[in-house]
Every structure is written in C-alpha cells, then in structure tokens.
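Enquirer: Sharing a structure with you now.
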Amino acid sequence: MNTDVMFSSARDDWETPQDVFDRLDGEFHFTLDPCADAYNHKCSKYYTKEQDGLIRSWRGETVFCNPPYGRELKYWVSKALSEANDQSTIVVMLIPARTDTLWFHNYIYQKPTVEVRFIKGRLRFGGSKNSAPFPSMIVIFR
C-alpha cells in the first residue's frame, strides 16, 4: 500500500482498527455508525456518504463515529455535540488529537458533558502496515 496516499486527503474512508472498536463497543454497545460504507461499517445500522449522516437524526442511538478527517471534520464534531445535548444520545468519536483547532476548543475543550481519552502511540487504520502520522483521541459526548 502506498503510504503517501494513505495519509493524504485522497481518501477519507479509513477503517477503524478492529481492536479499538471492540474495546469501545464492549463499554458502550453501539447501535449506529453514521460515517461508513458497505465495507468499513462497524454497526449493523450505518449511514453511507450518500445517505449523509450529518443531516440525519442520531436521536436515541449509541453512536460510534470515525468521521472523515478532512475539512468537514468540524461539522461532524459539532453534530456529535448537538446530538448528545439532546440527552438521549451518546456519541463516541475517534478523531485526530488536534488540540490547536477551533473545533476542539469550541466543541470539546472544557465542556462538562465531554470526556477526552488520548490514545498512546499512533493507530494503524485499515490494516495498513504503517501507523498514522498524527496522534488520535477518543471523544465521548454524553
């Protein structure tokens, strides 16, 4: 696999490492994956890019979200906070640990209903031989 392509914006559908998902699923028991496709979905209920999980309701679901890491990431983080504020939804996101961004400070940092778990080391997405060139974090919106 060409790692130049793997960690570029050429793709935004990198599969969550199964062991990471399994540990989180054991804790949260997910019911919805709003950023998936037929090959990389982690829940039996999922939304594809064409179905657009950003415009669909997540109400009443326990959501696992590994969103595209491009420019639209801020919209997914905002959506997670909004859906969790509904008080019937829990959203767990796997996202880059970009603590210098506006979206981190606007939607995650110092929010009383948000928990951040920084991941030690770098993850390998989609069965890649190489680790991601960025740190990751788990963000839990309750």
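The values are calculated or read from the model by the stated rules, or taken from the named source; none is laboratory data. Since the structure is predicted, the reported quantities are computational estimates derived from the model, not experimental observations. When we count neighbours, we look across all protein chains shown, and the Cβ atoms used for this are built from the backbone with ideal geometry, even at glycine. Remember, those area values only see protein heavy atoms, side chains included, never the ligands or the DNA or RNA. Shrake-Rupley method; radii C 1.70, N 1.55, O 1.52, S 1.80 Å.
Enquirer: If I filter segment 46-56 for residues that are among the β-branched types (Val, Ile, Thr), open to solvent by less than 50 Å² (accessible area, probe 1.4 Å) and closer than 14 Å to Val20 by Cβ, do I get at least one hit?
Expert: First, pick out the residues of segment 46-56 that are among the β-branched types (Val, Ile, Thr): 48, 55.
Add one more test, that the residue is open to solvent by less than 50 Å² (accessible area, probe 1.4 Å), and what stays is 48.
Imposing the further condition that a residue be closer than 14 Å to Val20 by Cβ reduces the set to none.
No; the residues of segment 46-56 include none that is among the β-branched types (Val, Ile, Thr), open to solvent by less than 50 Å² (accessible area, probe 1.4 Å) and closer than 14 Å to Val20 by Cβ.
Enquirer: Considering each residue of segment 122-142, count those that are modelled with pLDDT of 80 or more, within 18 Å of Glu15 (Cβ to Cβ) and surrounded by fewer than 15 Cβ atoms within 10 Å (Cβ to Cβ), and give that number.
Expert: Of the residues in that region, 2 qualify.
Enquirer: Among the candidates Glu83, Glu115, single out the residue that is in a strand (DSSP E or B), touching a residue at least 24 places away in the same chain (Cβ under 8 Å) and over 13 Å from the mean Cα position of the chain (by Cα).
Expert: Glu115
Enquirer: Give the residues of segment 1-18 that are within 16 Å of Ile95 (Cα to Cα) and either among the hydroxyl-bearing types (Ser, Thr, Tyr) or at pLDDT 75 or above (or both), sorted by residue number.
Expert: Ser8, Ser9, Glu15, Thr16, Pro17, Gln18, listed by residue number.
Enquirer: A further question follows. Kindly provide the set of residues from segment 127-142 that are in contact (Cβ under 8 Å) with a residue 12 or more places away in the chain and more than 14 Å from the chain's Cα centre (by Cα), ordered by number.
Expert: Matches in segment 127-142: Gly127, Ser128, Lys129, Asn130, Ala132, Pro133, Phe134, Arg142.
Enquirer: Considering segment 57-103 alone, what residues qualify as being open to solvent by 40 Å² or more (accessible area, probe 1.4 Å) and among the β-branched types (Val, Ile, Thr)?
Expert: Those that are open to solvent by 40 Å² or more (accessible area, probe 1.4 Å) and among the β-branched types (Val, Ile, Thr): Ile90, Thr99.
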